[in-house]
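Since every read-out is calculated from the coordinates, none of them should be taken as a lab result. Keep in mind it's a predicted model, so treat the numbers as computed, not measured. No Cβ is skipped: glycine too gets one built from the backbone with ideal geometry, and neighbour counts run over all protein chains shown.
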Amino acid sequence: MNRSYLLILGERDAIAWVLREERMAFPATPRAEVAALAVGDRLFLYATRGAWHNPTRDRGRIIGVATVGSAVRRLDRPIEIAGRRFVSGCDLSIDGIVPYPGGVELQPLVERLAAFPKPAAWSIYLRRALLALAPTDAKLLDEVLRPRLVPREQALPTYRSKGS
């Protein structure tokens, strides 16, 4: 059975890279949830409120959905994105994106999501690359996000050099 995760992206250059390359890269810090990713798992792409470098203006939003296309593996050569070094990664298939600056704001949904057992401290759960979602969480996110999604090729140009 495939699992679902919130894929937490905190930097606009990294978001553009993930959407353009249809890949995800991970830093060297070992995380059990990264090692557990499997082909077919669903990822809800979440852009943090600081990702666009203006957290007073922006809100954390779910901006797309992807499916894991390969196991996480060590990269032949580490890559650098926005000053951070990444040593492993996997292929993705982007199933749909909400054009920038849209998306579904996460904060109003937190109290309805099992992934946030302490809703008052919800942001603490976002300090990692992946947050596992219960099937009911994935269903709710899918319901609110799906009507806003467009094909990757249509939305991709809206994510170039945004946030300045």
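So the values come out like this:
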| item | result |
| --- | --- |
| Added length on full extension, which subtracts the Cα-Cα distance from 0.36 nm per residue, Ala82 to Asp13 | 24.2 nm |
| Sites matching trypsin sites (Lys or Arg not before Pro) across the range 1-51 that sit in DSSP coil, with at most 15 neighbouring C-beta atoms within 10 Å | Arg31 |
| Kirkwood-based shape ratio for the range 90-129, expressed as Rg/Rh from alpha carbons | 1.05 |
| Square roots of five times the Cα gyration tensor eigenvalues for the range 4-153, Å | 22, 17, 16 |
| Among Ala134, Gln154, His53 the positive-end extreme of the charge dipole of the chain (Cβ point charges) | His53 |
| Given charges at Cβ of Lys, Arg, Asp, Glu: the range 68-115 dipole, positive-most of Ala115, Val104, Ala71 | Ala71 |
